[in-house]
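The values are calculated or read from the model by the stated rules, or taken from the named source; none is laboratory data. Just so you know, these numbers come straight off a predicted model, no measurement behind them. Note: ideal-geometry Cβ built from the backbone for every residue, glycine included; neighbour counts use all protein chains shown. Surface accessibility is based on the protein's heavy atoms, side chains included, excluding ligands, DNA and RNA. Shrake-Rupley method; radii C 1.70, N 1.55, O 1.52, S 1.80 Å.
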Amino acid sequence: MQWTLDFLPLPPCPELGTQPLSGILWALLVLFLWYCYRVGSDPPVTGRAHPGKLKSSSARSSRMSRSSSSSSGSSSDGMDTGSSITKATMGNSGTPCIAMETGEEEEEEDAGRRRSYLTPVLGHILFPAQAPPASKKLYSALQEYAKRYSWAGMGRIHKGLRDQARLSDRSSIQKPHLFYLPDVPSIPFFPRDAHRHDIEVLEASYLIILAEFQAVYQRGIDAKLGWTCQGPKGQAVFPLYNAGVCVAGNCRSCPCTYRTLLSLRTFISSNSLGAAGFWLLGPGTTLGGGYGPTNTRLRCHLGLQTPPQCELVVGGEPQCWSEGHCLLVDDSFLHTVSHNGVAEDGPRVIFSVDLWHPNVAAAERQALDYIFSPDQ
């Protein structure tokens, strides 16, 4: 059936005007409409590559190799398969063409990619059976979290739980005893830019925090007053948060310091890896080398009273505190603390706050809050 241009709603020639530009524009419009009509009505040419989604060369070659290997049992079947593949990839004119990928094949490949991505996470066989009970308990908590939320972003946490037993057995300058998150850049002392906002908030509140500490210290160091003694004689802690739990009585004694803690963006306040409080170290006291529980946190030390003979050595690097200033420390490295001053110097006092490591992603922080919840 032949089509004419009579059906087009063209105005009469007199309405086009006498200007040649209008006539050219109308002629171009008519040609464009006619071209669109012909393109839509022409049948596809056999042997021409379809403009749809094409198979990648790697997927085609792997699928062809699998089909040829599976049919190698009988020679006649193998020859038929090879000839059929050759015919399928040739047009009527004998020229090679690219086969178009079907929807089912796309779904199979996507499912395969998803399975390969989740295999290291979902494969129970990859988690060592000889792992200590503590690691198995943490892994069970990770599985519960993934069932409730998602496995997305949990690859490093799964790898860390799986390799924790081997990490504890080897000698290293960085060896957290509870949980090690792999592929996290770590140095003994971090620059201020890692947590600039929180450091500026703490340093701006230095005088208020110092005044509240002095009020608490003058009442005496006693367990009934909220103090805890850790390690050798001469070390005492007045905690505001202990293992992710707020110590309500101590926070009421230091309300401004408590509000300052709540204003920090990266304070670890929801799991057992986080703590905050005043730490005292008496003269002549040295704390031997030890490791922190994890490398997912940084300890921020705000100097309140820092006698000159105090030193902190982390990963073989020595540092000294300064009153009114903060140090960012990765205590998962081997570290020692010493106060070599005399009794007249008084104790060394710092306000210690645990902050998230800047290279721990938000999804990982949420998962660690669940895994190391104080209720677990």
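Quick notes on this structure:
- Failed item, numbered, when residue 258 is tested on (1) in contact (Cβ under 8 Å) with a residue 24 or more places away in the chain; (2) more than 16 Å from residue 337 (Cα to Cα); (3) within 34 Å of the chain's Cα centre (by Cα): (1)
- Comparison of 202, 178, 161, 210 shows that the only residue that is free of Cβ contacts under 8 Å to residues at least 60 places away in the same chain, of a type in the set (A, V, I, L, M) and open to solvent by less than 70 Å² (accessible area, probe 1.4 Å) is 161.
- Exactly one residue among 281, 261 is open to solvent by less than 20 Å² (accessible area, probe 1.4 Å), in contact with a His (Cβ under 8 Å, 6 or more places away or on another chain) and not hydroxyl-bearing (Ser, Thr, Tyr), and that residue is 281.
- Test result for residue 373, touching a residue at least 40 places away in the same chain (Cβ under 8 Å), of a type in the set (Ser, Thr, Tyr) and in a strand (DSSP E or B): no
- Checking residue 280 against (1) assigned to a helix (DSSP H, G or I); (2) touching a Pro at 6+ places or on another chain (Cβ under 6 Å), the condition it does not meet: (1)
- Test for residue 274: is it surrounded by fewer than 19 Cβ atoms within 10 Å (Cβ to Cβ) and within 25 Å of residue 310 (Cβ to Cβ): no
- Residues that are open to solvent by less than 20 Å² (accessible area, probe 1.4 Å) and either free of Cβ contacts under 8 Å to residues at least 12 places away in the same chain or out of contact with any Phe, Trp or Tyr (no Cβ under 7 Å at 6 or more places or on another chain) (or both) within segment 297-311 comprise 300, 307, listed in sequence order.
- Scope segment 320-338; condition farther than 19 Å from residue 266 by Cα, under 32 Å from the mean Cα position of the chain (by Cα) and buried (at least 16 other Cβ atoms within 10 Å of the Cβ); matching residues: 321, 333, 334, 335, 337
- If the condition is being open to solvent by 60 Å² or more (accessible area, probe 1.4 Å), in a strand (DSSP E or B), touching a residue at least 24 places away in the same chain (Cβ under 8 Å) and not aliphatic (A, V, I, L, M), then segment 213-250 contributes only 242.
- So residue 360, is it in contact with a strand residue (DSSP E or B) (Cβ under 8 Å, 6 or more places away or on another chain) and open to solvent by less than 20 Å² (accessible area, probe 1.4 Å): no
- Yes/no for residue 265 being modelled with pLDDT of 90 or more, over 18 Å from residue 325 (Cβ atoms) and assigned to a loop (DSSP other than H, G, I, E, B): yes
- Scope segment 283-330; condition in a loop (DSSP other than H, G, I, E, B) and over 28 Å from residue 178 (Cα atoms); matching residues: 283, 284, 306, 307, 308, 309, 322, 323, 324, 325
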